[in-house]
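The values are calculated or read from the model by the stated rules, or taken from the named source; none is laboratory data. This is a predicted model, so every value here is computed, not measured. Because the Cβ atoms are built from the backbone with ideal geometry, glycine has one as well, and the counts that use them run over all protein chains shown.
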Amino acid sequence: MIEAVYKIGRISPKKDFLEEFIEEIDNNYKNIFKIKIDITDANNPKYLGIDYEENDLSKKLKYFYKRGSANGPDKTPTSKITTINKTFKNKLKNYFKKFLNENKKLLSNEEQNLIKALQNLMDENFDKIKNDLINFGEQNGFLKDKDSFKEPSVITFLFRKNGIDYYIGDMDLFVNVFKNNENESYKSFYIKSNVTSKADKRYCFICNKIAEEVWGFVNTYNFYTADKKSYIAGGFNPSFMWRNYPVCSDCAKTLERGKKYIEENLAYKFCGFNYYLIPWLVFDDEETLMQTIKRFKNYPNFSSQKQKSALIEKTEERILRELSKLSNQINLNFLFYEKSKATFKILLFLREIAPSRLKFLIEKMDAVDNTPRKFNIFKEIKTRKDPLNFNFSFAFLREFFPNSKIDGKYDKYFLEILNSIFIGKDIDINFLLRRFMEKIRREFLNDQWYEPSVLKGYKILLYLEEINLLKRRRKDMKNYGNNFEEFFAENSIFDDETKKALFLEGVLAQKLLNIQYQERNATPFRSRLNGLKIDEKTAKRLLPEIINKLEEYDKNYYRKLEETLGEYLVKSNFSHYSVDELSFYFTLGMVLEKHFRQEKEITK
Ligand SMILES: [Zn+2]
């Protein structure tokens, strides 16, 4: 993985450090005001007045702008003007003093003296310079009022020495300090908590060459800090610690470049998570790598598009479809991460996934969606909003394992499932059904429409079954030759009497609820369903209760169904299944009741 980042670093363009470090003053800023100071006599600089020029984008490295903290000076004496008074007070007043304090070590005595003299000059002429700027603005029509300009403006310094003008970026004094930042910014690669880890003339683990100097804390993506508290699905070898991992300074910089390139070009989203897609070539070949990366860059960037959420899901999954077409020469690393201000946390690392694996996953997705079904249970449902489509999507899983206020935070579980699917690890049906039923029961008890959840849950099971990852109790299907066996044959999860019994009981219960609703415009029998916790006791209690009720209404059209159900029930062994699993089959039966209507009840 680190090697993959390194290879990307090697082919991404090297940029000058300052070019990247210094910020551009964009086109919105029209005016550059310059405080002119003659420094020919370094001990006694003289303030010359205010000067002006239009912003020139090609002068980025001359203006040398680098933002500082919000209420303190900027990193260089070039500042964007908010209000004139505020900018003078917060940004300019003590700039030179602060600059001197922070960079004393890097400045020669001569330079230090000049900075001191500049601070004195600012102290003495502070009000005069400020008023000059206001007057200059007023005379030339730049001012909106006494404290602000009409258009976004910038204030900077222009130094004159022996008749020649120097911008800030022309002065070594300022530039060198920031050039030094480059090394400074790599310091964390060899100093940590006051421990220095550097060695001379040792092998670099990346380039395998003896390097002048190797660093011990090169830690791209925090790969080698084994944070014991945080669980990382996908897994690293925590014994592979930094101490055993010396990297030369060139390689460290290349890694940083690769990392930056990946951040800017190979970052995607999936089901609410961010991930980097990092290709790894089985045979090293820069040209192919370059082409691959270019291809990835062309994949749509959904985060920037305002689309309907259903469409975003489709686009996110389309990437997988695209990737599945790649040659198996290219393996794929998926690095799911969470980034806050200072920390970068790896949530899941899917390592070297072959496109053929993706192809398998996608083909099975299509297979499970396109299987011809006599019982068309996954038919699209029209709603007032978008139609509900039940083609398998990873988003279904995310709905059961979300990160939400109502349901709770299930990120870890979702990623665990994702990991299992990608690497081909079994998933226990009870682990899934526990969550499925939690959500379905909540919806049921709140009188919400739970049909979509039940169908999506069932689709998830079918998909996992299709890719051979569903760990469940299996039995040889026995055909009882009744009317319902046709459905069970098509839905091979129903390979056992207990499941069939529960399913048919759900169908029957829903029929009673329908009749109750017709008769009374209410469904009081719902309260007999034990909140959809259908254990053995409830299952056995329900059958006679339902039959009694149907007889009471004189609408028991379902004797055949009851008979079949009774037959299965007698042969059931409830001890084989969890209450969640029993409840799920029952609920599925309720939801699919409409596929088992008889002529009699329809004409009714
Ligand atoms: Zn190296």
Would you be able to tell me the number of residues in segment 222-263 that are at pLDDT 80 or above, more than 16 Å from the ligand (Cβ to nearest atom) and not β-branched (Val, Ile, Thr)? 3
In segment 321-330, is there at least one residue being modelled with pLDDT of 90 or more, under 22 Å from ASP366 (Cβ atoms) and of a type in the set (Ser, Thr, Tyr)? yes
When residues of segment 252-291 are limited to those that are aliphatic (A, V, I, L, M) and outside any helix (DSSP H, G or I), the one surrounded by the most Cβ atoms within 10 Å (Cβ to Cβ): ILE278
Only helices (runs of 4 or more DSSP H) wholly contained in segment 412-513 count here; list those with 2 or more residues that are under 14 Å from LEU592 (Cα atoms) and not assigned by TED's automatic domain parsing to the domain that holds ASN573. 451-466
Among the acidic types (Asp, Glu), assigned by TED's automatic domain parsing to the domain that holds GLY481 and out of contact with any Leu (no Cβ under 9 Å at 6 or more places or on another chain) - does that describe any residue in segment 588-604? yes
Only unsatisfied item for GLN448, checking (1) surrounded by 20 or more Cβ atoms within 10 Å (Cβ to Cβ); (2) without any contact (Cβ under 8 Å) to a residue 60 or more places away in the chain, is (1)
Residues of segment 52-106 being surrounded by fewer than 18 Cβ atoms within 10 Å (Cβ to Cβ) and touching a Ser or Thr at 6+ places or on another chain (Cβ under 7 Å), which ones? LYS66, THR83
Could you tell me whether LYS339 is in contact (Cβ under 8 Å) with a residue 40 or more places away in the chain, within 24 Å of the chain's Cα centre (by Cα) and loosely packed, with under 13 Cβ neighbours inside 10 Å? yes
Which of the residues that make up segment 411-449 are in contact with a Leu (Cβ under 8 Å, 6 or more places away or on another chain) and on the phi > 0 side of the Ramachandran plot? GLY424
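Rundown of residues vs (1) over 27 Å from ASP56 (Cβ atoms); (2) under 43 Å from the mean Cα position of the chain (by Cα); (3) of a type in the set (Val, Ile, Thr), yes/no style:
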| site | (1), (2), (3) |
| --- | --- |
| ILE129 | no, no, yes |
| GLY137 | no, no, no |
| TYR166 | no, no, no |
| ASP170 | no, yes, no |
| PHE174 | no, yes, no |
For segment 570-585, give me the residue count where each residue is within 13 Å of THR538 (Cα to Cα), among the aliphatic types (A, V, I, L, M) and out of contact with any Phe, Trp or Tyr (no Cβ under 9 Å at 6 or more places or on another chain). 1
Between ASN521, ASN556, ASN548, which is without any contact (Cβ under 8 Å) to a residue 24 or more places away in the chain, at positive phi and outside the structural domain of ASN468 (by TED's automatic domain parsing)? ASN521
Those residues that are within 17 Å of MET171 (Cα to Cα), part of a loop (DSSP other than H, G, I, E, B) and of a type in the set (Phe, Trp, Tyr), I need them from segment 29-80; list them, please. PHE64
Mind counting the residues in segment 176-220 that are away from the ligand (no atom under 13 Å from the Cβ) and among the basic types (Lys, Arg)? 4
It is to be established whether one or more residues within segment 145-157 are closer than 25 Å to PHE88 by Cα, touching a strand residue (DSSP E or B) at 6+ places or on another chain (Cβ under 9 Å), aliphatic (A, V, I, L, M) and outside the structural domain of PHE336 (by TED's automatic domain parsing). yes
For segment 13-23, give me each residue that is of a type in the set (Asp, Glu) and either surrounded by fewer than 14 Cβ atoms within 10 Å (Cβ to Cβ) or over 24 Å from ASP165 (Cβ atoms) (or both). ASP16, GLU19, GLU20
